[in-house]
Structure formats: structure tokens, C-alpha cells
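One structure is given here, and the rest of the page talks about it.
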Amino acid sequence: MFVIILFVAALAVTWSLARATPVETVAESSNTQVITAVEREEQIVLLSAATQGLSEETRSSTLFGRNVPGSGRTEFVQYSYSAKIGIEGGEVSIEETGEDEFLITVPEFIVIGNSDAEFKTVLDNAGVLGAMTDKIDTADTISGILNEATMAKEVIALNQGLLEDQARLFYTGIINGVDDNATVEFAFN
């Protein structure tokens, strides 16, 4: 009788263990945001430049100043975003130079921000000894891509003429809306 009870107990324990998940992952996350300030801006977006690219970063370990073969890591990040380029509207100077004549001085073009940013790691590869090398920080790569100083040099230089045309069109429309006989000249910094 004792053997039957022991057998039934063992069968019950086996059945309950089979139904239980031996390893379970429980994840929780929290995100709290507080808006601490709202600031008025006088920025004017003149152009939105859609950009696509592929960023490559490679690292390897060194031993006594020499690269360790097989220790390399490579990461390719595919990206796309739209850079918003314009001017600080508060820095624009409109000067009346004569009757129905105006000189508009436009400040340096700036990157105001970006939108529609998408990033995707398309390759993350490590050599045989890649564990010796620090992992590549994808967040740093993305920050470098979206760095406004870098973005400004590239995107503004490629679109300088178009930005000037757009500024002329924008401010000529405003001036001619008030005085359609006005002559408008521009100076770009």
C-alpha cells in the first residue's frame, strides 16, 4: 500500500512539474516624463532634406600596440531621416533702403531638427576572437549621425542655392503681401 501511495505522489509531482515553466522571464519598464519648460522660438523651416545612408564602424583589439587578428567587430547601421533646415527668424533684418525698396539680411542657415528618423542594424559581426573587443555602441553611432553640426555642414553645403532661393521666395512673398510694388534685395551671411 505504501508503494502505491508513493507511486501516486511521485506521479502527481511529475505531472505538476511538467505543467510548470522551469525558467520564466519577467520584465517591467517604466518611463516618466515631466515637461519643465516651454520656450517660444522664432525659427523658420525653409527646407526639409530627406537623407538615407549606411554607417560603418569597425573596432579591433590590440596587444602591445599591434592588432590582434580575428578580434575585429563591425557594425553597419542603415538610416534615414528628414533634416529640417532654416533660419533663426529673430535674426533676420529688414531695412527700408528707399521708397518701396527693402534690404533683407538673412542669417546663417541652421539645422532646426529632424523628423521621420529610422535606424536599423543590418550587420553586427564579430571575428573569432571578437569577444576580446568592446561591443560597438549603436546609440553612439546614431548620435553621431544625428549630430547637428555634422548634419549642418553636409546638408546645408549641398543645398545652399536652394535655401537662398527659398528664403528669397518666403520674404518676397511677405513684403509683396504688404506692398506689391516693393523691390526686395537680399544679403546672406
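The values are calculated or read from the model by the stated rules, or taken from the named source; none is laboratory data. Please read these numbers as outputs of a predicted model, since none were measured by experiment. In this analysis, Cβ positions are derived from the backbone assuming ideal geometry, glycine residues included, and neighbour counts consider all displayed protein chains.
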(request) Output the number of residues of the stretch 156-178 satisfying the condition of being over 33 Å from the mean Cα position of the chain (by Cα), over 16 Å from THR105 (Cα atoms) and β-branched (Val, Ile, Thr). (result) 1
(message) Which of the numbered conditions does ASN147 fail, given that it passes all the others? Conditions: (1) surrounded by 14 or more Cβ atoms within 10 Å (Cβ to Cβ); (2) more than 18 Å from GLN43 (Cβ to Cβ); (3) not aromatic (Phe, Trp, Tyr).
(response) (1)
(message) For the stretch 82-189, give me every one of the helices (runs of 4 or more DSSP H) that falls completely inside it and has 1 or more residues that are modelled with pLDDT of 90 or more and over 26 Å from LEU54 (Cβ atoms).
(response) 160-178
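For every residue, the table says whether it meets (1) modelled with pLDDT under 75; (2) over 35 Å from the mean Cα position of the chain (by Cα).
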site	(1), (2)
LEU6	yes, yes
THR14	yes, yes
SER29	yes, no
VAL38	no, no
GLU42	no, no
VAL45	no, no
GLN52	no, no
SER60	no, no
(request) Would you check if ALA126 is surrounded by 14 or more Cβ atoms within 10 Å (Cβ to Cβ) and either of a type outside the set (D, E, K, R) or in contact with a His (Cβ under 9 Å, 6 or more places away or on another chain) (or both)? (result) yes
(request) Identify, by number, the condition in (1) touching a residue at least 60 places away in the same chain (Cβ under 8 Å); (2) exposed (fewer than 13 other Cβ atoms within 10 Å of the Cβ); (3) more than 23 Å from the chain's Cα centre (by Cα); (4) closer than 30 Å to ILE175 by Cβ that GLY98 doesn't meet. (result) (1)
